[in-house]
Structure formats: C-alpha cells, structure tokens
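**Q** Below you'll find the structure I mean.
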Amino acid sequence: MLLRKVLLRGASASRLLISNKSPPASLLPLASGCTRFFSSSTQSEGPNDGFVAGQEGGDEQPAATITVDRSGLYHPPEHSHEPTTESELVKHLKGIIKFRGGPISVAEYMEEVLTNPKFGFYINRDVFGAEGDFITSPEVSQMFGEMIGVWVMCLWEQMGQPKKVNLVELGPGRGTLMADLLRGTAKFKSFTDSMHIHMVECSPVLQKLQHQNLKCEKVCNADENGEKSSVTSITGSPVTWYSSLEQVPSGSPTIILAHEFYDALPIHQFQRSSRGWSEKMVDVGEDSKLRFVLSPQPTPATLYLMKRCKWATEKEVESLKQIEICPKAIDLTHTIAQRISSDGGGALIIDYGLNGVISDSLQAIRKHKFVSILDDPGSADLSAYVDFPSLKHTAEEASGEGEAPFWEGPDELAPVGMGTRYLAMAIVNKKQGTPVPFQ
C-alpha cells in the first residue's frame, strides 16, 4: 500500500499524452480465434476524451490522467472489405453487353480481351518469354527460325527463284523467328535481295520490339504503293508493318508464315442442348460478374457451324457435346489461298491443334499457369486448338483444285519434339509442286 501511494504521488505531478500519429487501427485476436476491429470512432466518456485512474483515500491527490490523441489514427474507407475495383476492360465488356441488351459471343469476348485497342492483352505489353505469360518455339532455340528459313528458301527455289517476293509473317511476336530466319539465310544474296518483308502486327509495343530485333536502321522512300519501309541491317531487306493481311500489297509471289497465330483467333463455342446446338455466350449475372449462358435463338455463327458439320462425319459429330468453330480462321485461310492461287507462292501454318473437330479447348494462361477464362479479362492469354481439317477444306474450296498438305500419318512416325498436338500445314500453288517435307 505504501509503495502504491508513493507511485501515485510521483505521477500526480505530470500529465502523460499518448499520441498515435500514423499506425492503423488494430486487429486484436479474441479467445475464440476470431478478430475484432477497433477503429478510431471509439470514444470515451471521461473528461478530455481520456480516462482517469482510480483514487484511494479521500485526502489523496487525483491520479495521473492519460489522454489519448486519436487525430492521427487511420480511418478506413467505407466497404474496405470489398474486392478491388474492376478493370477498365471489364467495364468496357459490361458496357457492350448493356448496350446490346444481351450477351456477347465467346468470340467477341476473346477478341476484346486480346486485341482491344486500349486494354487488349497483346496491345500494351511484351507477353512472351520467361518473364511474360508463355514461351513460343522461337524463344527456345534459334534453330527453329533457321529451319523455317530453310523451308522458305526451298519453296523460293521451287517457285523459280523470282527476283521479287513478299515474305509475310502473321503475328510475329518479338520478331525472333524472322530475325533467326534472316541470319540463317544472310549468305544467300540472291535470295535475300528478292525479299520484301511484311510484318502483320496490331500491337504497337510488339512492333517496336520487332523493329529492334530485326535491327532496322533507316526508312526507305515510299514504294509504288505509298508505303514507307525500314531496312534490316541483317540482310539489307526492306521491312514494312501492317495491321492486317489485306493491307499487304498483292501482285508479287508471296510466302506467308503463321506460327502460333491461328490459335489466338476468336472462336465460337456451341453446346448441345434440348433445342439442338446452342451458342455459348458471355453475360453479366445478378452478382454483376461475367458468366456463361446459352443463346435461346440461332446466331449468325450457326452458318459456320453447319459448314463445319458437313466437313465431318455424322459419327464424329454425334459423339460431341460441344463444338468450337473459328470463322476468322476460315476467312483468313480463304484469303491466303486466293492470293497464292493468283500471285503464286505458299503458306506455312504451324500451331497447336487437331486433325479433327475441336470440342472444348479454349484456355487462359497467366504467368505460365492456367486460370479461369473469365478471370480478370485482359490479364491472361486466351487460345484454342486450331481445327486443321477446316483449314484444309477451306483452302481446297478457295482454289478449286489446290493443294493443302499436312501431317496425317501414324502417331509413331510424327516429327519428334512437340508431339502430335503441334501440327504443320502448307498451302501452295499447284504449279510449284508439293513443298518439302510434305511429299
């Protein structure tokens, strides 16, 4: 008791101010294992907004008063427990759905996610390599691009070694494949002198990377089509960029390369239902989240579905509960076949796909891991298997009697490496004969 009186008398001469200028409100554990949130809104009822220690004895001095200054405590915003605000692309997608008054197709969703001019996955970033979201064959070894260069040179010789050839690459990525191709063929002067390189790329960021990797130095004068070209120091060949194949000048023999390009083209998904084949769509649910729904009515893409089913056997279609079709792949292949038929040349398509109807292959990859298709649109790559038979039928229909060779041998004889899901197909002018190694 004596010690307590001494301590109280010693403390009565001073007033202690505890000031909390920056720390956030505390989360204190309870015995039950839960937590209770103590915010700065808690107020005491004593004078000076503090609390008073108990007194002992009527003749004692008042105990020390401790005042708590809460002006610096963190005031959490309302609804701080809610998830982060949705991205601009999600707002854009919801705006489209609201404006339409109904859901959009998976193809339209995929196209917006990948190539929206402002928020698209490919538009504003470098997504390739170990630091990106996925790795392609040219990034693994320079031998891939060099082998493609051998194929292009062989085709050029089959074409009669024309003095002017358009070499077109669709979706060149970082430009690694083309750079390796040019380095591997740089010593063949007659070949490189004939080449005018055309890069079909919609991403400004990737265009700059391609410009750097091809070591482009200067700008040539405008050609007969009014297009200005850079020059690669690797071979001295002119290089021009376009956003679509249709913009590439025609009239000259053309060799087109499409490596892992088709798998990024938007697809439509159809699901078997009580009404027959119903297209899968993307809508906004009652919880304001994106979700999949089925269209109650036939959609324009149904015409492509009917065409694809005609190319397949009845047994093949009956066994499927879902079908993927890619109208843009069909239309692009038609354009390629027509150009090769009229101007001469050929095309090499290498991609992940199947030699049959595609059922359910759409996938999303972020940082080398699979994620949900609708999860944070614009932050993950979307791709689907390529339907190689549909490309073959399209090329043959476009040319009338054209050639569209591709690997269709037994699995044990398939090229070693990526396996039977990594396929190659060539489309060539019939006058040139079957290209290597499709004989």
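**Q** Please go through region 289-305 and pick out each residue that is touching a helix residue (DSSP H, G or I) at 6+ places or on another chain (Cβ under 8 Å) and of a type outside the set (F, W, Y).
**A** Residues satisfying the conditions are L290, A301.
**Q** Still on this structure, I have one more. Would you mind stating whether K187 is out of contact with any His (no Cβ under 7 Å at 6 or more places or on another chain), of a type in the set (K, R) and within 25 Å of K431 (Cβ to Cβ)?
**A** Numbers: out of contact with any His (no Cβ under 7 Å at 6 or more places or on another chain): yes; of a type in the set (K, R): yes; within 25 Å of K431 (Cβ to Cβ): no.
Criteria not met by K187.
**Q** Give region 258-278 a look and list any residue that's open to solvent by 10 Å² or more (accessible area, probe 1.4 Å) and either in contact with an Asp or Glu (Cβ under 9 Å, 6 or more places away or on another chain) or touching a residue at least 40 places away in the same chain (Cβ under 8 Å) (or both), or say none. Lay out the reasoning, then the answer.
**A** Initially, region 258-278 is screened for residues open to solvent by 10 Å² or more (accessible area, probe 1.4 Å), giving 259-261, 263-266, 268, 271-277.
Within region 258-278, H259, E260, F261, D263, A264, L265, P266, H268, Q271, R272, W277 meet the criteria.
**Q** Residues in region 337-364 that are in a strand (DSSP E or B), in contact (Cβ under 8 Å) with a residue 60 or more places away in the chain and open to solvent by 30 Å² or more (accessible area, probe 1.4 Å): how many?
**A** Matching residues across region 337-364 total 2.
**Q** Somewhere in region 328-335, is a residue free of Cβ contacts under 8 Å to residues at least 12 places away in the same chain, under 28 Å from E201 (Cβ atoms), out of contact with any strand residue (DSSP E or B) (no Cβ under 7 Å at 6 or more places or on another chain) and open to solvent by 60 Å² or more (accessible area, probe 1.4 Å)? I'd like the intermediate steps shown before the answer.
**A** Residues of region 328-335 free of Cβ contacts under 8 Å to residues at least 12 places away in the same chain: 331.
Then keep just the ones that are under 28 Å from E201 (Cβ atoms); that gives 331.
With out of contact with any strand residue (DSSP E or B) (no Cβ under 7 Å at 6 or more places or on another chain) added as a condition, the list becomes 331.
Subset that is open to solvent by 60 Å² or more (accessible area, probe 1.4 Å): 331.
Yes, region 328-335 has at least one match.
**Q** May I pose another question? In region 400-439, what residues are assigned to a loop (DSSP other than H, G, I, E, B), closer than 25 Å to K307 by Cα, open to solvent by less than 30 Å² (accessible area, probe 1.4 Å) and modelled with pLDDT under 50?
**A** Restricting attention to region 400-439, the residues satisfying the condition of being assigned to a loop (DSSP other than H, G, I, E, B) are 400-402, 404-405, 407-410, 414-421, 429, 433-439.
Remaining after also requiring closer than 25 Å to K307 by Cα: 400-402, 404-405, 407-408, 421, 429.
Filter once more, so that each one left must be open to solvent by less than 30 Å² (accessible area, probe 1.4 Å): 402, 404-405, 429.
Once the filter is applied, which keeps residues that are assigned to a loop (DSSP other than H, G, I, E, B), closer than 25 Å to K307 by Cα, open to solvent by less than 30 Å² (accessible area, probe 1.4 Å) and modelled with pLDDT under 50, region 400-439 yields G402, A404, P405.
**Q** Something else: Condition first: assigned to a loop (DSSP other than H, G, I, E, B), surrounded by 14 or more Cβ atoms within 10 Å (Cβ to Cβ) and modelled with pLDDT under 95. Can you find one or more residues in region 110-117 that meet it? First the steps, then the outcome.
**A** Filtering region 110-117 down to residues assigned to a loop (DSSP other than H, G, I, E, B) leaves 116-117.
Within this subset, residues satisfying the condition of being surrounded by 14 or more Cβ atoms within 10 Å (Cβ to Cβ) are 116.
Subsequent filtering for residues that are modelled with pLDDT under 95 retains 116.
Looking through region 110-117, at least one residue is assigned to a loop (DSSP other than H, G, I, E, B), surrounded by 14 or more Cβ atoms within 10 Å (Cβ to Cβ) and modelled with pLDDT under 95.
**Q** Name the single residue, out of those in region 279-319 being in a loop (DSSP other than H, G, I, E, B) and touching a strand residue (DSSP E or B) at 6+ places or on another chain (Cβ under 7 Å), that is surrounded by the fewest Cβ atoms within 10 Å (Cβ to Cβ). Reasoning before the result, please.
**A** Going residue by residue through region 279-319, those that are in a loop (DSSP other than H, G, I, E, B) are 285-289, 295-301, 312-313, 319.
Narrowing the set further to residues that are touching a strand residue (DSSP E or B) at 6+ places or on another chain (Cβ under 7 Å) leaves 285, 295, 299, 301.
Values: G285: 10, S295: 21, T299: 17, A301: 20.
This residue is G285.
**Q** Still on this structure, I have one more. Can you tell me which residue is nearest to the chain's Cα centre (by Cα) among those in region 137-165 that are outside any helix (DSSP H, G or I) and over 17 Å from H259 (Cβ atoms)? Walk me through how you get there before you give the answer.
**A** Let us first name the residues in region 137-165 that are outside any helix (DSSP H, G or I), namely 141, 159-165.
Pick out the ones that are also over 17 Å from H259 (Cβ atoms) and you get 159-165.
On the way: M159: 36, G160: 39, Q161: 38, P162: 37, K163: 38, K164: 35, V165: 31 Å.
Taking the candidates together, the pick is V165.
**Q** Do you know which residues across region 227-255 are of a type in the set (D, E, K, R) and under 15 Å from T335 (Cα atoms)?
**A** First, pick out the residues of region 227-255 that are of a type in the set (D, E, K, R): 227-228, 246.
E246 - this is the single residue of region 227-255 that is of a type in the set (D, E, K, R) and under 15 Å from T335 (Cα atoms).
**Q** Considering region 367-399 alone, what residues qualify as being among the charged types (D, E, K, R) and assigned to a loop (DSSP other than H, G, I, E, B)?
**A** Here is the first cut: in region 367-399, the ones among the charged types (D, E, K, R) are 367, 369, 375-376, 381, 387, 392, 396-397.
K367, D375, D376 - these are the residues of region 367-399 that are among the charged types (D, E, K, R) and assigned to a loop (DSSP other than H, G, I, E, B).
The values are calculated or read from the model by the stated rules, or taken from the named source; none is laboratory data. Remember, it's a predicted structure, so these values are computed and weren't measured experimentally. Positions of Cβ are generated from backbone atoms using ideal geometry, with glycine treated the same way; all protein chains shown enter the neighbour counts. SASA here: full protein model, heavy atoms, side chains in, ligands and nucleic acids out. Shrake-Rupley method; radii C 1.70, N 1.55, O 1.52, S 1.80 Å.
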